[in-house]
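Let me begin by presenting the structure, written as structure tokens, before commenting on it.
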Amino acid sequence: MANQPSSYPILCASFNQDNSCFAIGTREGFKIFYCNTGRLLYERAAGAFIIVEMLFSSSLLAIVGAGEQPSLSPRRLCLFNTVTGVALEELNFLTSILAVRMNKKRLIVILQEKTFVYDINSLKILDTIDTVPNPKGLCAFSPSLDGSFLALPASKTKGSLLVYNVSDLRLHCEIDAHRSPLAVLSLSSGGTHIATASEQGTMIRSYSFRRGSYSSNIFSLSFAPAAELPDILLATSSSGSVHVFSLGSPQNQRSSGLLGSIKVPHTINDALDPAQHCILHRAVPAGVRSNTSIRKIDKFDETATPEHVVLRATISMITYGGYLLEYGYNVNHQNKSSWTLEREFNLLTAETSSLP
């Protein structure tokens, strides 16, 4: 989602489609990092950017300026080649661009009341979707070519959403998820599961997980990488906490058929089972926006490690204050979980040779 220029040193942050790299935009330019090592791969000092989106690990970027320089209009989308350092194509719009999503066949551009679907190779407009006013540019996109879905808000007053199949260019379904308007949307990489959070901030739906009793702004939702059923769903919020929900309890799931395999618990009591929900308090400073990715899931036989760990997740968090935090989340054979902070470094001062 595009962010209006603010007091944060980072104006935008996004992971690429396979979580191997991430990009940040600042008032000075943009940077691209390799997730596994934190190595700075590319940087360009060219002014303020509020959207920097990668196409997997290719040289193609979709970038949008913050409007602080005349040449970087928020109404202009630039497709930029990091190898040659030149713009391949520019697309201009009547209103500000709020979000951009890509896969190997489609380019999605989100405006406040319209969404454009392009063929990414020819840049031919394939479809124009009229939407309800969407000033935050809320959307979710699954990059898989087998399940290429786009989710958009369907109402200004309640938390309903439309799901489009952007491969076949047709409406797939409409979902009534919340009583209050949507705040965050997330689709799993395979396009089989969807998660939503409302502006009220107490309920995260997909499995109808309740995050907490008090209202909070949900900043991000992230599924673990998986072709089918993800193991966990992660949420970050304005409280500074990270919430992990286990999705792998088949006794508490039934198919709703929305995207083919969305699951929900039989009852709210199942959703509130502490065994399915783990919280890391004060993971980041309260109020600081963050974007999070579950980069990797490892599974073990319970006798393979001394701690009897059966699942280990690698979680990367980009704070808009300018830091990358990487946590390890472990679950043992007794379904008890633990967290470790694996590394932390400043993204704003990083140079190509200075990172681990």
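Every read-out reported here was derived from the displayed coordinates using simple, explicitly stated rules and does not represent laboratory data. It should be emphasised that the depicted structure is a prediction, and the values quoted were computed from it without experimental measurement. Cβ: placed from backbone, ideal geometry, glycine included. Neighbour counts: every protein chain shown.
What net charge is computed for the residues neighbouring Val166, neighbours being all others with C-beta under 15 Å from the C-beta of Val166, Lys and Arg scored +1, Asp and Glu -1?
On the way: positive: Arg101, Lys104, Lys105, Arg106, Lys114, Lys124, Arg170; negative: Asp119, Asp127, Asp146, Asp168.
For residues surrounding Val166, the net value is +3.
Gain in length, Ile297 to Leu341, computed as 0.36 nm per residue apart minus the alpha-carbon separation, to one decimal in nm?
Numbers: separation 44, 0.36 × 44 = 15.84 nm, distance 1.62 nm.
So the chain would gain 14.2 nm between Ile297 and Leu341.
Using the Cα gyration tensor of segment 9-92, with a ≥ b ≥ c the square roots of its eigenvalues, what is the shape: rounded (a/c below 1.5), prolate (a/b larger than b/c) or oblate (neither)?
On the way: a/c = 1.88, a/b = 1.43, b/c = 1.31.
Verdict is prolate for segment 9-92.
Could you sort out which of Lys158/Lys336; Lys114/Lys296; Lys104/Lys136; Lys156/Lys296; Lys105/Lys158 sit more than 30 Å apart by Cα distance in this structure? Write down the numbers at each step before the final one.
Numbers: Lys158/Lys336 36 Å; Lys114/Lys296 34 Å; Lys104/Lys136 25 Å; Lys156/Lys296 35 Å; Lys105/Lys158 32 Å.
Lys158/Lys336; Lys114/Lys296; Lys156/Lys296; Lys105/Lys158, as the Cα separations exceed 30 Å there.
Relative to the present Cα-Cα distance, how much length would full extension add between Val132 and Glu68 at 0.36 nm per residue of separation? Kindly include the intermediate steps, with their values, before the conclusion.
On the way: separation 64, 0.36 × 64 = 23.04 nm, distance 2.78 nm.
Once the chain is fully extended between Val132 and Glu68, it gains 20.3 nm.
Determine, for each peptide in 332-340, 62-70, the mean count of other beta carbons within 10 angstrom over its residues, then list the peptides with the highest first. Mind dumping the intermediate values first?
Values: 332-340: 14.2, 62-70: 19.1.
By packing density, highest mean first, the sequence is 62-70, 332-340.
Rank by packing, highest mean first: peptides 184-197, 282-295, with packing defined as the count of other Cβ atoms within 10 Å averaged across residues. Numbers along the way, then the final one.
Values: 184-197: 24.8, 282-295: 18.5.
Peptide ranking by packing, descending: 184-197, 282-295.
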